[in-house]
Amino acid sequence: MLCLRQAYAMYGIMEQDIGVLPGVGPAIAGRLHKLGVACVGDVLFHLPKDYVDDRISIPLRDLQEGVEARTSGQVLNVDASGYGRRKQAVITVGDEDGAILQLRFFHSPFLLRDARLALGRKLSIRGKLEWWHGQAQMLHPEWLPEEAFTAGWRPVYASLAGLGSARIGKLIAAALNLLGSSAKSPFDDILAPRPSLAQALKRLHQADDDGPCGELMRQSFERLQLEELLTYLHLMRRMRKQAQIDAEIWRDASLSDAFLAALPYPLTDAQVIVWNEIREDMARGQRMHRLLQGDVGSGKTWVAALAMLMAVQHGAQAALMAPTSVLAAQHAQTINAMFAPLGKSVALLTGNMKVGERRALLAGLADGSINMVVGTHALISDDVIYKKLRLAIVDEQHRFGVRQRWALTERGEAVHLLAMTATPIPRSMALALYGDMDLSLMRGMPPGRKPVDTRLIGSRSKLADGMRRMLDEGGRIYWIVPRIDEDEDGVSVEQRVEALKKRFADAGVLALHGRMKAADKEQVLSAFADGTCRLLVSTTVVEVGVNVPQARLIVIEEADRYGLAQLHQLRGRVGRDAAQAYCVLLPSSDASTNALVRLRHLAACHDGLELAELDLQLRGAGDAVGARQSGDMGFRLLDVSRDAALIRHWHAHLPDVEPTDAMLHFWRPMAESVD
Ligand code: ADP
Ligand code: MG
């Protein structure tokens, strides 16, 4: 009992709103919430992207030009130089050897009055030395009074909602403080002698003398991964038990057949096979519990629509849940267009509806007058009551949290579950991750599609010519940037929009990212769909299922930052009709050889499953903590390719300790593409 209460304490604290952290006011809290950083635990799991070696301080005279380093010196002089906008604060420091260094700060007149810079004070300084008119100087170095500096490895965080690494470090220190030393996870005991969850978090945020490659760091990271993995595997075990429930027998497929007759083209062979598997499931008298892995663009939506009609035919309700409001709206629109001849329609439920509309819709679901609904996770909010929900379809299931993923099936009795994903994984992996589900695999595209011509290029001027031609021919272009905000190593969405607007003034360049309001996102996407906007600068929010067939070129900046599965998904946004489509991969300037090899594989291969297998071969354990990449499969910390051995082992040896509800709730993907 004690153990359980303490476990609750750990997740209880982690689940508190970020607003409890000192320094987080309503404005910052709002911005973080939009990125999916909602609670203290989300802040704690924002792990360092890198660690800086701050163990030694180099004497001034030994500093090397152009190399960032830590040094120290005594303030000899504080002065202003320059005039007007170019006015600078110049702090001159020196040491016993007589070496002298100038620290220059633009736009920082307040420094001239800073007591910490009084003559004679000793400073600890970190920056890059350069020579200017024979004088050693640093521009905007980091500095602090020497007595406030502690040597060691220092974490560096990716910026979040405009907060830089230092600010985030402070939030995390406050969050660690809240955890205290008694917070426990129920898995701590069975995983001993590994570090506890709290210890592992502390270690990863504070590093130690061995640095990011040290054994303790590796163990700590693995401990966090195990927390996620065991929670997930337990949920899967629970679902397996629930799967063996009796269900109504559904045999009459006349509505689905009428739909097929109305489709402008026949189903592909792969679609036919999967549809038959689903029909058999529904006629078996037992709950369906099936995962449909269908490659990007293979036509999963119609399979879902067919299943929904089957439920309606038998007087039941069906719900289709999608990870973003944009995708849900798009599903409702395309499905309704095809359902019209049958006199059927689906309702749309998202989080941003008018109160009156929402009330009417909920009433319809409760009294059964609405029998098909498409929506976001709004479909599983507490106030949504279904009269007779018997079919739950979850699109892009890996985008949902562990708890959310199957929550729809709890909204009725013996609810059939069809989960869909566009990232097929090798069978051995699928068995470990989804072993309890029946698996359907849908490969290949509808006929007439050409593979997306994928190129790795360095020359941006050639790219500009190609874009010009594409726009002149009436094509539309996605331009993918890796982050919303600017940070030390890259541009922001806004900066990219401004640059492209100058070059392609006629293209109606717009921006799309996860921090926009749902209504604004929809507006931007519909402008892109109707051609008012023909060049869309976006973060990976477009990755999830968006369908604009006129888009024929996708440019992916810093492509080496993503896994092959995610790149394949992004590439799947183009090539959605018969015209030749292109994907241009722009690697970042510091891309490793290994990363470039992976990108070449993407250029050569167009099959999602084959790419997943390649990823499994190409990536192994051994990268330093901090240099990892995740998120492809909807895990926060697990990387399905890299951590394959870990996943298989624990799937085979799952200990009997159950995760709490709070844990199921907490473990969800931290992708900015979920709204
Ligand atoms: P995904 O599996 O990625 O969800 P979609 O269901 O969005 O794929 O389908 C991709 C495109 O293929 C859509 O434009 C859809 O209309 C079209 N499509 C689906 N099935 C067929 C088919 N059998 N023949 C031709 N086109 C199809
Ligand atoms: Mg889809």
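Observations, loosely collected:
- Figure legend. Inter-residue proximity from the range 51-74: first residues of a type in the set (Asp, Glu), second residues open to solvent by 60 Å² or more (accessible area, probe 1.4 Å), beta-carbon distance below 7 Å, spacing 6+ or different chains. Indicated pairs: Asp54/Ala151; Asp54/Arg154; Glu65/Glu130; Glu65/Trp131; Glu68/Lys128.
- Given (1) over 41 Å from the mean Cα position of the chain (by Cα); (2) assigned to a strand (DSSP E or B), number of the condition Gly98 does not satisfy: (2)
- Scanning the range 537-557 for residues that are modelled with pLDDT of 85 or more and more than 13 Å from ligand 1 (Cβ to nearest atom) gives Val537, Ser538, Thr539, Arg552, Leu553, Ile554, Val555, Ile556, Glu557.
- Taken over the range 376-431, the criterion of being within 16 Å of ligand 1 (Cβ to nearest atom) and of a type in the set (D, E, K, R) is satisfied by Asp395, Glu396, Arg399.
- Residue check for Val374: in the same structural domain as Met282 (by TED's automatic domain parsing), in a strand (DSSP E or B) and closer than 28 Å to Gly514 by Cα: yes
- When Arg240, Arg251, Arg284, Arg279 are screened for being within 30 Å of Val657 (Cβ to Cβ) and either in contact (Cβ under 8 Å) with a residue 24 or more places away in the chain or within 16 Å of ligand 1 (Cβ to nearest atom) (or both), only Arg240 passes.
- Residue within the range 390-399 that is more than 16 Å from ligand 2 (Cβ to nearest atom), open to solvent by 50 Å² or more (accessible area, probe 1.4 Å) and touching an Asp or Glu at 6+ places or on another chain (Cβ under 9 Å) present: no
- Qualifying positions in the range 521-558 - free of Cβ contacts under 8 Å to residues at least 60 places away in the same chain and either within 16 Å of ligand 2 (Cβ to nearest atom) or within 14 Å of Val452 (Cβ to Cβ) (or both): Ala529, Pro549
- Only listed residue being more than 16 Å from ligand 2 (Cβ to nearest atom) and of a type in the set (Lys, Arg), chosen from Arg571, Arg576, Arg515: Arg515
- Of all residues in the range 441-451, one or more are within 16 Å of ligand 2 (Cβ to nearest atom) and modelled with pLDDT of 90 or more.
- Of the residues making up the range 421-463, just one is among the hydrophobic types (A, V, I, L, M, F, W, C), part of a strand (DSSP E or B) and closer than 28 Å to Glu557 by Cα, namely Leu456.
- Residue list for the range 59-94, restricted to those being in a helix (DSSP H, G or I), open to solvent by 40 Å² or more (accessible area, probe 1.4 Å) and modelled with pLDDT of 90 or more: Arg61, Asp62
- Elements of type strands (runs of 3 or more DSSP E) contained in the range 251-363, each with 1 or more residues being within 16 Å of ligand 2 (Cβ to nearest atom) and open to solvent by less than 40 Å² (accessible area, probe 1.4 Å): 289-294, 317-321
- Val384 satisfies every condition listed in (1) touching a residue at least 12 places away in the same chain (Cβ under 8 Å); (2) surrounded by 14 or more Cβ atoms within 10 Å (Cβ to Cβ); (3) assigned to a helix (DSSP H, G or I) except (3).
The values are calculated or read from the model by the stated rules, or taken from the named source; none is laboratory data. Predicted model only: the values in this text are computed from it and were never measured. We place every Cβ from the backbone using ideal geometry, glycine too, and count neighbours over all the protein chains shown. Note: accessible area is taken over every heavy atom of the protein model, side chains too, but ligands, DNA and RNA are not part of it. Shrake-Rupley method; radii C 1.70, N 1.55, O 1.52, S 1.80 Å.
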